[in-house]
Amino acid sequence: MDINNPEKFAKYADELQIIKHPILPNKISIQLKDENGNNIKLENVLCHLNIYIDSLSYYTYSFIPTDSNGTVNLTKEQIIQNTGLKHYFDVKIPLDSTPVKFDFFVMDNNMLNGIISSMENYINIDILSIKADLKNRGLTDTQIALQIPMIEKKMKSDQELSKFLKKNKNSELNYSNGEKKITDFWNSESDYEYELK
């Protein structure tokens, strides 16, 4: 940027004034409860978090497991590192005082089974078949040789994720009273506790 151009510098300074970081909790704790208000002490119930920064964008954090007490505990750092917020969140810029809406819910068992099934369809493909497919798509041997290590790394990562997802206990929850979901707002950078019935 040309700092000798006063108009451009003024515009840049104005833009810096507008940039603020959103409210995120310092820590959240969510306890699963049954319809009678009793704690559901069930480990590996997978949950999902949507954070709505504005009307046009939101950030997701999926496959959040409960601990052995049926609780999810998340810190601000965990939320940032496991969402797209990690690309721009900066506490050094001013805080935007606008409350931030979020949804937190137990993931639907049918959806999880669908994800696991679709993952298994491609993580079990052997490397020779992948090489042949890439060759049929017109890639050269050199291009294929460059792609294979990345494909193998992704397949290994997806195999680990698939093993983790298969351990879920979501099917053991009772969904007869509808979707287990919390929708609320964070109004300050504080600690929040919720009960999810």
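Quick note: the coordinates plus some simple rules give every number you see, no bench work behind them. Quick caveat: nothing in here was measured; it's all calculated off a predicted structure. With ideal geometry, Cβ positions are generated from the backbone for all residues, glycine too; neighbour counts draw on all protein chains shown.
Can you compute the charge dipole magnitude of the chain about its Cα centre, using +1 on each Lys and Arg Cβ and -1 on each Asp and Glu Cβ, nothing else charged? Give it in debye, rounded to the nearest 20. Walk me through the intermediate numbers first.
On the way: 23 positive and 28 negative charges, 100 e Å.
Dipole size: approximately 480 debye.
Using each residue's phi in segment 26-36, evaluate 6.51 cos²θ - 1.76 cosθ + 1.60 at θ = phi - 60° and report the 3J(HN,Hα) Karplus result to the nearest Hz, with x for Gly and Pro. Coupling constants for segment 26-36: 5, 7, 10, 10, 10, 9, 6, 10, 8, 5, 8 Hz.
Peptide packing for 109-118, 25-34, 149-158 was compared via the average number of neighbouring C-beta atoms within 10 Å per residue; ordered from the highest value, the list is 25-34, 109-118, 149-158. By the combined test of axial Cα extent (at least 20 Å) and Kyte-Doolittle hydropathy (mean at least -0.5), the qualifying DSSP H helices of the chain come to 109-123.
Of the cross-linked pairs LYS76/LYS167; LYS101/LYS180; LYS131/LYS163; LYS86/LYS163, those separated by over 23 Å at the C-alpha level are LYS76/LYS167; LYS131/LYS163; LYS86/LYS163. Using the Karplus relation 6.51 cos²θ - 1.76 cosθ + 1.60 with θ = phi - 60°, the per-residue 3J(HN,Hα) values for segment 188-194 come to 7, 7, 10, 8, 10, 10, 9 Hz, with x marking Gly and Pro. Under the simplified labelling scheme, the GLU160-ASN110 pair shows an inter-label distance of 3.3 nm, with each label point 7 Å from Cα along Cα→Cβ. Computed packing ranks the peptides 45-55, 76-86, 124-134 as 45-55, 76-86, 124-134, most packed first, by mean other Cβ atoms within 10 Å. Stokes-Einstein diffusion for the chain, with the hydrodynamic radius set to the Kirkwood value over Cα pairs and evaluated at 10 °C in a medium of 1.306 mPa s, equals 79 µm²/s.
When all alpha carbon pairs of segment 20-93 are counted in 10 Å bins from zero, the resulting P(r) reads 17, 45, 26, 11, 1 %.
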